[in-house]
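The values are calculated or read from the model by the stated rules, or taken from the named source; none is laboratory data. It should be emphasised that the depicted structure is a prediction, and the values quoted were computed from it without experimental measurement. Ideal geometry is used to build each Cβ from the backbone, glycine not excepted, and the neighbour counts take in all protein chains shown. Side chains included, ligands, DNA and RNA excluded: accessible areas come from the protein's heavy atoms. Shrake-Rupley method; radii C 1.70, N 1.55, O 1.52, S 1.80 Å.
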Amino acid sequence: TVSVFLVVLTVLLLSLKISDRPCPVIQGASSLELTALARDHTDTEESVRSYFLSAPFQGTVRFAGYTMDEVRAEMEDLLSEHDRRSALALLAALEASFRIDYLQRCYRKEKDPLSRSLREIFALKKDRASLEEDILGAWKDYSNAPSARAIVQELRGALKYRHWLAHGRYWVPKLGQRYDYQGIYDLAQAVFTDFSLIDTP
């Protein structure tokens, strides 16, 4: 989506120059973006159901010769794929938010323990820091949020699901649990509620 593209673009712009001079920043993911993604997800899901459950009765050529069981099976396959794509969009927005926060804390030279840890990482790795190991590791160790360790553990598991989705799904993933759009949405809500992510100047 356009919103995901903008936050990814922000990460690239911030990583090019972290200095004492003001730098324009596009706002990252937030609860408002989550609401927009949720609305898009629900609208598409309802549209698919409406089409598949009404078109066969209107003589649509698309479903000529189909039984209702076949129509429903095809609908469920399409909804499952839609669920995965929505989950991927949420995870992309989450990653962008954490990376923007990482770069902003370095740019602002915040003094809290979390920011100091992230600046140490930036000194070594710049914008090549690993989200799972470096950035989330710092949040787990230095965040003031009581839920930080649990959320980071959940995020690391969800990111394995993201890797599987984004890289062609050509292997059988060992995820340890089932992931879907709703579970990722709940996790994203927990992140934006409990973590003080910096996404604006």
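I'm trying to understand the selection: among the residues of the range 51-86, which are among the aromatic types (Phe, Trp, Tyr) and in a helix (DSSP H, G or I)?
Passing the criteria: Tyr51, Phe52, Phe57, Phe63.
Just one of the numbered conditions (1) out of contact with any Lys or Arg (no Cβ under 8 Å at 6 or more places or on another chain); (2) closer than 21 Å to Asp83 by Cβ; (3) modelled with pLDDT under 95 is not true of Tyr161; which one?
Result: Tyr161 fails condition (3) only.
Kindly list, by first and then second residue, each pair from a residue in the range 127-146 that is farther than 17 Å from Tyr107 by Cα to a residue that is open to solvent by 60 Å² or more (accessible area, probe 1.4 Å), limited to pairs with Cβ atoms under 7 Å and residues at least 6 apart or on different chains.
Hits for this filter: Glu132/Arg156; Asp134/Lys125; Leu136/Arg156; Lys140/Arg149; Tyr142/Pro113; Ala145/Asp194.
Could you tell me whether the range 12-30 includes any residue that is surrounded by 10 or more Cβ atoms within 10 Å (Cβ to Cβ), farther than 23 Å from Trp164 by Cα and modelled with pLDDT of 50 or more?
Yes, the range 12-30 contains at least one residue that is surrounded by 10 or more Cβ atoms within 10 Å (Cβ to Cβ), farther than 23 Å from Trp164 by Cα and modelled with pLDDT of 50 or more.
Among the residues in the range 49-58, are any open to solvent by 20 Å² or more (accessible area, probe 1.4 Å), at pLDDT below 95, in contact with a Pro (Cβ under 8 Å, 6 or more places away or on another chain) and more than 21 Å from Gln182 (Cβ to Cβ)?
no
In the range 66-124, which residues are under 16 Å from Asp141 (Cα atoms) and open to solvent by 70 Å² or more (accessible area, probe 1.4 Å)?
Lys111, Pro113, Arg116, Glu120
List the number of the failed condition for Asp127; all other conditions in (1) at pLDDT below 95; (2) in contact with a Phe, Trp or Tyr (Cβ under 8 Å, 6 or more places away or on another chain) hold.
Single failed check for Asp127: (2).
Tell me which residues, restricted to the range 45-69, are within 20 Å of His82 (Cβ to Cβ) and aliphatic (A, V, I, L, M).
If the condition is that a residue be within 20 Å of His82 (Cβ to Cβ) and aliphatic (A, V, I, L, M), then Val48, Leu53, Ala55 are the ones that fit.
Could you grab me the full set of residues in the range 86-109 that are free of Cβ contacts under 8 Å to residues at least 60 places away in the same chain and of a type in the set (D, E, K, R)?
Selection gives Lys109 alone.
Specify the residue that is nearest to Ala190 (Cα to Cα); the eligible residues are those in the range 134-179 that are of a type in the set (D, E, K, R) and open to solvent by 90 Å² or more (accessible area, probe 1.4 Å).
Taking the candidates together, the pick is Glu154.
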